[in-house]
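The values are calculated or read from the model by the stated rules, or taken from the named source; none is laboratory data. Here the structure is a predicted model, which is why all the values come from computation and not from measurement. Neighbour counts are summed over all protein chains in view; Cβ atoms, including those assigned to glycine, are modelled from backbone coordinates with ideal geometry.
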Amino acid sequence: MKAGIFTTTLENVVDMGIQDTRHFKLAFDPGTVFDFDAGQFVNILVEKDAKTIKRPYSIASPPSWKGFIDLCWKRVDGGLVTNLLWDYKKGDKLTIQGPLGRFTAHKPLPKAIIFISTGTGIAPFRSIFHELLREGTACEIWNIFGNRYDEDILYQKEFEELAGKHKNFHNIFTISRPKTWKGEKDYVQFMLKKYISNPADKHIYICGLTNMIQEVQKTALEIGFTKEQIFFEKYD
């Protein structure tokens, strides 16, 4: 679908975790067609001082959920757009541009895909997880998801339920500053090295901040992955 400009209505807002992160559900007007590929993003358009400002946000819902899209973003100190959006309430209008981007699962699918993210970098992967599992893929899906604190794991219950329904979906949650957390407690690149040894017929997708992406890439290459097996999207 060619990118266009759409007016949406903020249908729901949910606070998530302790790090100023929210889940937004944007509904389209009845009859609006908005087709996209899992992993794509939209630009949010806001007006400030007579100028239109664009900020990209990954779509966190799969294409099969019609009539709306989910977005998930964290308020950034000094961030112009996220701080403006923080005051939006249910029923407010938001203008978006999209769909955009090519951060999608490459087909034919390999034997396994390892998705590695931190924080809101999970957003495009949530879209991809649901779409691949809905399609009934036999591909092994690994969700290696890192956060600072126990309560920061976005969509944790949802991902655990997916793992309970699909034997080929595996969650590896890891916390770097645990409080009462009993699970993994190291950075995501070490989880990659711990759980994935054979790179044959596998892809790696990484989403988050540049430093994390670089560390994961370095580890993946050390394991034996090639650059052609690694795909990433930076959030800074």
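Residue selection: Ala123 fails the criterion of being part of a loop (DSSP other than H, G, I, E, B) and modelled with pLDDT of 95 or more. Screening Trp73 against (1) of a type in the set (A, V, I, L, M, F, W, C); (2) under 16 Å from the mean Cα position of the chain (by Cα); (3) at pLDDT 95 or above leaves a single unmet condition, (3).
Just a yes or no: is a residue in the range 144-161 more than 24 Å from Thr21 (Cα to Cα) and either at pLDDT below 95 or crowded, with 17+ Cβ neighbours inside 10 Å (or both)? Checked the range 144-161: no residue is more than 24 Å from Thr21 (Cα to Cα) and either at pLDDT below 95 or crowded, with 17+ Cβ neighbours inside 10 Å (or both).
Within the set Ala123, Ala112, Ala105, the sole residue that is among the hydrophobic types (A, V, I, L, M, F, W, C), in contact (Cβ under 8 Å) with a residue 24 or more places away in the chain and either exposed (fewer than 14 other Cβ atoms within 10 Å of the Cβ) or under 28 Å from Asp29 (Cα atoms) (or both) turns out to be Ala123. Note on the range 43-66: residues that are touching a helix residue (DSSP H, G or I) at 6+ places or on another chain (Cβ under 9 Å) and either assigned to a strand (DSSP E or B) or aromatic (Phe, Trp, Tyr) (or both) amount to 10.
Taking the listed residues Val13, Val33, the one that is surrounded by 15 or more Cβ atoms within 10 Å (Cβ to Cβ) and aliphatic (A, V, I, L, M) is Val13, with no other qualifying.
Would a scan of the range 214-228 turn up a residue that is assigned to a helix (DSSP H, G or I) and either assigned by TED's automatic domain parsing to the domain that holds Lys74 or under 20 Å from Asp152 (Cβ atoms) (or both)? Taking every residue of the range 214-228 in turn, at least one turns out to be assigned to a helix (DSSP H, G or I) and either assigned by TED's automatic domain parsing to the domain that holds Lys74 or under 20 Å from Asp152 (Cβ atoms) (or both).
Given the structure, is Ile96 farther than 16 Å from Thr120 by Cβ and without any contact (Cβ under 8 Å) to a residue 40 or more places away in the chain? No.
Among the residues of the range 71-93, those identified as outside any loop (DSSP other than H, G, I, E, B), touching a helix residue (DSSP H, G or I) at 6+ places or on another chain (Cβ under 8 Å) and either within 18 Å of Gly4 (Cβ to Cβ) or free of Cβ contacts under 8 Å to residues at least 60 places away in the same chain (or both) are Leu71, Trp73, Lys74.
Being assigned to a helix (DSSP H, G or I), closer than 16 Å to Lys202 by Cβ and either free of Cβ contacts under 8 Å to residues at least 24 places away in the same chain or among the aliphatic types (A, V, I, L, M) (or both) is the requirement here; does Leu162 meet it? Taking the combined requirement at face value, the residue does not satisfy it. If we scan the range 150-158, do we find a residue that is in contact (Cβ under 8 Å) with a residue 60 or more places away in the chain, over 22 Å from Asp37 (Cα atoms), of a type in the set (Val, Ile, Thr) and in a loop (DSSP other than H, G, I, E, B)? Yes; the residues of the range 150-158 include at least one that is in contact (Cβ under 8 Å) with a residue 60 or more places away in the chain, over 22 Å from Asp37 (Cα atoms), of a type in the set (Val, Ile, Thr) and in a loop (DSSP other than H, G, I, E, B).
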